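Heads up: the structure comes next, in structure tokens.
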Amino acid sequence: MKLGKYSNVILLAFIWGTLYAAQGFANKNISTYTTGVFTFVITLALLSITLLVQGKFKDLFTVKALLPKLLLIGLIGFSVNFTNFFGFKFGNAQTGAFLLKTDVLMVNFASMLFFKEKFTKKDWLYSLVMFVGVLMIIGTDFTKMTFNVGDLFFLLSAILLTWNTFNISGIIKQKKVPITQITVAYYNVLITMTLFITMFIATGSVGEVNIALASWPILIALIISGLTQYMLFLSYYKALAELPAWIVKVILLLIPIITMILTFFIYGTVPTVMALAGCAVVLVSAYGIIKEQQVKAKQG
């Protein structure tokens, strides 16, 4: 089976898994806002260098007509992180882990209802089975799940993430005002970074900068976080430009496998038999989805 354009999404899953592992390590020692500031400052610096080297920095000033949409993407992007943080603070972790994954199914339904995407029975079957496989990997225990007001933050986070997926895909694919993927990424990072810095100062987290700079493990984790966030924006936007949003989101369910492997090597966490079985389910389903799209492409 030729992976072709799907290889970028698979690579993206590795990048995203690495980012989660790096940020997870940093967040054990410093606040989410401090991690966010370091991450997005590094990401913005790398994007600026890339634009300057490519001679495309001037492109940032030729998309004034799209500024409202770019601002919305940045605001929603930050809100996803913000609601996620409050969900884990006030909600149930098991419930949150489940609800945050529902954005995949939300994208499927939205693609079908609003964008008239055609789904085969196999598309739905593989998507649902893959979703179940992910729940097996992350160890979802339905007996420990409780629903309270705090869990609404998780649901809101999933809804916002779904909304932004289509916002990003739409602005990249529209032809009225040409805009490059990296330009969209730049504005998203700039807005998100500004909001993170605001919260960083407001919550009194400034003193944590010394903690981060004094610890090589934390500093390395933050640098990796910034590098992978940079790579993530480039790969994710490229994927949304080349493939339907629902396919990108479903294949990204490979991320928990990557995270599980990395946590094994970093923390020595041994995966359970259930988690390993979930990996097999996810991998087989991912293969099935890609294969089904290739069949549809030949028929179309």
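In sequence order, what are the phi-derived ³J(HN,Hα) couplings for segment 60-65 according to the Karplus relation 6.51 cos²θ - 1.76 cosθ + 1.60 with θ = phi - 60°, rounded to whole Hz, with x for glycine and proline?
5, 9, 10, 10, 4, 5
At each listed q (0.08, 0.11, 0.15, 0.16 Å⁻¹), what is the log10 of I(q)/I(0) that the Debye formula gives for the chain modelled as equal alpha-carbon point scatterers?
Log10 I(q)/I(0), no solvent term: -0.35, -0.69, -1.35, -1.53.
Within the accessible area of the chain, what % is carbon and sulfur when the probe is 1.4 Å and the other protein chains stay in place?
Roughly 72 percent of what the probe reaches on the chain is carbon or sulfur.
Under the rule a/c < 1.5 gives rounded, and otherwise a/b versus b/c splits prolate from oblate, where does segment 177-300 land using the Cα gyration tensor? Intermediate values should be presented prior to the final figure.
Numbers: a/c = 3.23, a/b = 1.32, b/c = 2.44.
Oblate is the answer for segment 177-300, as a/c is 1.5 or above yet b/c matches or exceeds a/b.
Compute the accessible area per residue over segment 1-129, keeping the other protein chains in place, probe 1.4 Å, unit Å².
Working: 6610 Å² over 129 residues.
Roughly 51 Å² per residue, with all protein chains present.
For a quick check of understanding: with a 1.4 angstrom probe and all protein chains in place, what accessible area in square angstrom does Leu156 have, to the nearest ten?
For Leu156, solvent-accessible area is about 80 Å².
Suppose the Debye formula is applied to equal point scatterers at every Cα of segment 57-127; what is log10 I(q)/I(0) at q = 0.16, 0.21 Å⁻¹?
Relative scattering, expressed as log10 I(q)/I(0), comes to -0.85, -0.97.
Along its principal axes, what span do the Cα atoms of segment 193-232 show, with the longest given first and each in whole Å?
The principal-axis extents, from largest down, are 28, 25, 8 Å.
Spelling out what I want: for every residue of segment 289-296, take phi, set θ = phi - 60°, compute 6.51 cos²θ - 1.76 cosθ + 1.60 (Karplus), and round to whole Hz; glycine and proline get x.
These are the phi-based 3J(HN,Hα) values: 5, 5, 4, 5, 5, 5, 5, 5 Hz.
Past the 16 angstrom mark, what percentage of all C-alpha to C-alpha distances in segment 152-196 do you count?
In whole percent, the long-distance tail amounts to 51.
The values are calculated or read from the model by the stated rules, or taken from the named source; none is laboratory data. Please read these numbers as outputs of a predicted model, since none were measured by experiment. The accessibility values were calculated without ligands, DNA or RNA, using every heavy atom of the protein model including side chains. Shrake-Rupley method; radii C 1.70, N 1.55, O 1.52, S 1.80 Å.
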